[in-house]
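Asks: Here it is, the structure, as C-alpha cells.
Read-outs throughout are calculated quantities, based only on the coordinates presented, and are distinct from any laboratory measurement. Note that the coordinates shown come from a computational prediction; the quantities given were computed from them, not determined experimentally. Cβ placement follows ideal geometry from the backbone for every residue including glycine, while neighbour counts extend to all protein chains displayed.
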C-alpha cells in the first residue's frame with residue numbers, strides 16, 4: 001500500500017474537514033469553502049470518504065480536500081501536512097530503488113527510446129514514400 005492509500009484509509013474525511021474549520025450541519029453539508037455562496041452546496045460523504053460541491057463542481061478525497069483548503073501545491077505536501085496534524089507516523093522518506101528496480105527502469109527507458117526512434121524512422125519513411133508517389137504521378141502526367 002502506498003502512502004496516499006494509507007493516508008486515506010487511516011483518516012475520516014469529516015474529522016479532517018472539521019479539524020480544518022469546516023462547519024458541517026447534520027447532513028454533512030455546508031457552504032463551500034472554495035467559492036462564495038449563500039446556500040449549502042458542499043457535501044461530504046462519510047460512506048464514500050469523498051467531498052463534492054454542486055456549485056463549483058470541485059470534488060475529491062481527504063487528500064484533495066486538504067490540498068485545496070490549505071492551498072498546497074502537491075498531493076504529497078497534503079499527505080505530509082496530514083501526517084503532521086494527525087500524527088499518522090507515515091514513512092515519508094524517499095524510496096531508494098533496489099538494483100532490480102533500477103534495472104527494470106533502465107530497460108523501460110531503453111524500450112521507450114527504441115520506440116521513439118522507430119516512430120521517427122517510420123514517419124520519415126512514410127513521408128519519403130508519399131514524396132515518391134507524388135514524383136511518380138508528376139512523371140506519369142508529364143510523359144503521358
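Asks: Among helices (runs of 4 or more DSSP H) lying entirely in segment 27-144, which contain 3 or more residues that are within 22 Å of residue 2 (Cα to Cα) and touching a residue at least 24 places away in the same chain (Cβ under 8 Å)?
Replies: 62-69, 75-85
Asks: Just to be sure I understand, how many residues within segment 35-55 are touching a helix residue (DSSP H, G or I) at 6+ places or on another chain (Cβ under 6 Å) and loosely packed, with under 14 Cβ neighbours inside 10 Å?
Replies: The number of residues fulfilling the criteria is 1.
Asks: So how many residues does segment 75-89 have that are surrounded by fewer than 15 Cβ atoms within 10 Å (Cβ to Cβ) and under 14 Å from the mean Cα position of the chain (by Cα)?
Replies: 1
Asks: Next up: Among the residues in segment 3-20, are any buried (at least 17 other Cβ atoms within 10 Å of the Cβ), under 21 Å from the mean Cα position of the chain (by Cα) and assigned to a loop (DSSP other than H, G, I, E, B)?
Replies: Within segment 3-20, one or more residues are buried (at least 17 other Cβ atoms within 10 Å of the Cβ), under 21 Å from the mean Cα position of the chain (by Cα) and assigned to a loop (DSSP other than H, G, I, E, B).
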